[in-house]
C-alpha cells in the first residue's frame, strides 16, 4: 500500500494546515497526511524541532543525567567506593547535550521535510478564517486551507515583577549549563525543581522561592511535603507562600526581595537567579481575531474535540492546555487531525481526548510521578475512594539501592475497587508509575493488581503492598 502523495509548496490551497512543527504539530501533520488530506506545516522557528527536543524534555534530562551521575559519585563511599576528588566539566556536559539534541533534531527535521506534507518556513498569522500569511523564509507565501491546527507551543513566562528581566530562563540554563556558586530558583513546579536539583547536585548553594503554598501544586500535599523534606535534607533552602517584590543586580551578584508566608520581608543574594515561574502560551502575533479564534488568559480556548471557537480551526499542545505534557500534546494533535478529516468528509468532529490516564513526572532526586486522579480531584468529583501507601524505607530493593526516601500511593474506588490514581515519590518513580498506568488502562481493581506476580527483589514490587491493603478494604476482582 503506497503512502500519501508528496505535497509541494507550489500548492496554495490545502485541506489541513498546521501552524507549528513541534511534537503536537508534527503528529497532526503526519496523521492528516496519512488520512489523505492535502497537508502543510508552517514553522518560523530558527531551528526545526519544537520545544521538547530543542529546549525542554530532551536537553534538560540530558544534563540532569550528568547531575545524577555526579551526585552518585559524591555519595559512593556508602557503597564502599571511594572517589575523593570527583570533578565535572560544564563544557563537556554541554557538548554531550548538544550532540544528542542535534541527532534528535535532525531526525525531526527529516520527518518534517519528508515530502509527505508541504513545509513553509516562516511565522504564520491569520488574515481571514481560511487564509494565513507566512512571514520569513517563505515571506511571499499566502495560503488558504479548509481547516487548521494551531500548535505554536509556549514560551517562558515573565510576570510583572520589577527586575524579572535580570533572571535567566530555563532556555538560558540549557544553553550555558554553567553551575554558579549560588542560585535562587523562582518557582515550585517541575522546571524549577529540576533546575534546583541540577544546581545542587554540583555543589551550588541553591534556594527555591515559590509563590504558592507548596511545591508541585498539582500533586497531593503528601507528595509535595515528602519531596520538600528530601530536597531540604540535601541542602536546598525552600520558601513557599511568598510574595516576590523585586530582583536587583549589584556588581556581579543578584538579590531577590520577597515577603515570607509569615509576612516577614527577606532578601536573598546569589550569583544567578532563574525565572522558572511557568510558561505562557505562544498565541500572540497569530492574528487569531481575524480568524474568530477566542483566547482565555492567552490560552486558545478549545472543546474536547480540540476545536476552537472557529469550528474548522483546531488547537493542540501548550498553546491550549489543559495539561502541558508532550505525550498529551501528541494525542491532541492526532485527535485534531482525525476530527478535521471527519469535518471535511461531512461528519461531526466526534473524537475527544481522554485525560483519565494522564501521567506526570518530575526528574528531581528523589523523582516524583503521578498517574490518573489525585485525592483532591476525586474528592471534588464526589467519587468515594480509599487510599493506601507504602514507604521505600521498608522496601528491600530500595535499601539495597540506598534510596529510601518517599513512598508509593494507590487510590481505589471505595465500592468497586478500581484503581483510579497512583503517585510515587522515590527512586525511579518516573519508570515505576507506568505499571499503574497499564493497570488503570484496563480498569483493574486493587485485587487484580495485587495478584500480578512481581519478581523479588525489585523496586516495582512495592506496588503490591498498597494494592493488597486496598484489596482488603474495597477491592473486588473484576476478571476471572
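Residue 262 fulfils the conditions (1) closer than 24 Å to residue 63 by Cα; (2) free of Cβ contacts under 8 Å to residues at least 60 places away in the same chain except for a single criterion, (1). So if I check each of 420, 378, 432, which one is over 22 Å from the mean Cα position of the chain (by Cα) and touching a residue at least 40 places away in the same chain (Cβ under 8 Å)? Just a single option satisfies the conditions, and that option is 378. Note down all Cβ pairs under 8 Å where the first residue falls in segment 84-111 and is in a loop (DSSP other than H, G, I, E, B), the second is buried (at least 16 other Cβ atoms within 10 Å of the Cβ), and they're at least six residues apart or on different chains. Taking only residues 6 or more apart or on different chains, the pairs are 86/70; 88/66; 88/70; 88/179; 88/202. Can you find even one residue in segment 345-364 that is within 27 Å of residue 127 (Cβ to Cβ) and in contact with a strand residue (DSSP E or B) (Cβ under 8 Å, 6 or more places away or on another chain)? Yes; the residues of segment 345-364 include at least one that is within 27 Å of residue 127 (Cβ to Cβ) and in contact with a strand residue (DSSP E or B) (Cβ under 8 Å, 6 or more places away or on another chain). Scanning segment 112-125 turns up at least one residue that is in a helix (DSSP H, G or I) and under 22 Å from residue 56 (Cβ atoms). Just give me the residues in segment 39-83 being without any contact (Cβ under 8 Å) to a residue 40 or more places away in the chain, surrounded by 14 or more Cβ atoms within 10 Å (Cβ to Cβ) and in the same structural domain as residue 145 (by TED's automatic domain parsing), in sequence order. Hit for segment 39-83 is 45, nothing else.
Looking only at residues in segment 1-19 that are modelled with pLDDT of 95 or more and touching a helix residue (DSSP H, G or I) at 6+ places or on another chain (Cβ under 8 Å), which one is surrounded by the fewest Cβ atoms within 10 Å (Cβ to Cβ)?
The extreme case among them is 15.
Taken as a whole, the condition of being at pLDDT 95 or above, surrounded by 17 or more Cβ atoms within 10 Å (Cβ to Cβ), out of contact with any helix residue (DSSP H, G or I) (no Cβ under 9 Å at 6 or more places or on another chain) and more than 25 Å from residue 420 (Cβ to Cβ) applies to residue 339.
Looking only at segment 137-152, decide whether some residue is assigned by TED's automatic domain parsing to the domain that holds residue 332, part of a loop (DSSP other than H, G, I, E, B) and surrounded by 21 or more Cβ atoms within 10 Å (Cβ to Cβ). Working first, answer last.
As a first pass, look at segment 137-152 and keep what is assigned by TED's automatic domain parsing to the domain that holds residue 332: 137-152.
So of that shortlist, the ones also part of a loop (DSSP other than H, G, I, E, B) come out as 137-141, 151-152.
Imposing the further condition that a residue be surrounded by 21 or more Cβ atoms within 10 Å (Cβ to Cβ) reduces the set to 151-152.
Within segment 137-152 (the criterion being assigned by TED's automatic domain parsing to the domain that holds residue 332, part of a loop (DSSP other than H, G, I, E, B) and surrounded by 21 or more Cβ atoms within 10 Å (Cβ to Cβ)), the answer is yes, since at least one residue qualifies.
Within segment 349-376, the set of residues being surrounded by fewer than 19 Cβ atoms within 10 Å (Cβ to Cβ) and assigned by TED's automatic domain parsing to the domain that holds residue 408 comprises 376 only.
Across segment 216-228, the number of residues qualifying as over 17 Å from the mean Cα position of the chain (by Cα) and touching a residue at least 12 places away in the same chain (Cβ under 8 Å) comes to 6.
May I ask you to list the residues in segment 238-296 that are under 22 Å from residue 323 (Cα atoms) and outside any loop (DSSP other than H, G, I, E, B)?
The initial filter retains those residues of segment 238-296 that are under 22 Å from residue 323 (Cα atoms), namely 275-284, 286, 288, 293-296.
Once the filter is applied, which keeps residues that are under 22 Å from residue 323 (Cα atoms) and outside any loop (DSSP other than H, G, I, E, B), segment 238-296 yields 275, 279, 280, 281, 288, 295, 296.
The values are calculated or read from the model by the stated rules, or taken from the named source; none is laboratory data. Note that this is a predicted model, so its numbers are computed, not measured. Ideal geometry is used to build each Cβ from the backbone, glycine not excepted, and the neighbour counts take in all protein chains shown.
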